[in-house]
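The structure appears right after this line, and notes come after that.
Computed from the coordinates by the stated procedures, all read-outs in this text should not be read as laboratory data. Only a predicted model underlies this, so the values are computations on that prediction, with no experimental measurement involved. Quick reminder, even Gly has a Cβ in these numbers, built from the backbone with ideal geometry, and neighbours come from all protein chains shown.
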Amino acid sequence: MSQEQLTVREATSDDIPAIVRYRVNSEDEYLHSLGVDLGKRPNAQSLTNVLRTEFAKPIKERNAFCLIWESDGTPIGYCNTNPTRFG
């Protein structure tokens, strides 16, 4: 039996479609349980635009920083900080 390998990496613009699908398609009750303000949830196109803008900035100029969690190389989740202060 092989052991599962969990890795964490910085998100890239290639991750945008998966992040958008997760945020747009998740059930309201689930997102609410995570503390998401559903009244501020953007639609898919708006979220895509925001993420593209953020990923285009140099890392120290971004408002948020996002990490992707992977199991054996397959993305299984993400987390982000917002606002982010880089030191």
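Checked against (1) of a type outside the set (Ser, Thr, Tyr); (2) free of Cβ contacts under 8 Å to residues at least 40 places away in the same chain; (3) in a strand (DSSP E or B), PRO75 meets all criteria but (2).
Across segment 9-33, what is the total count of residues that are within 16 Å of LEU51 (Cβ to Cβ), outside any loop (DSSP other than H, G, I, E, B) and not charged (D, E, K, R)? Count: 9.
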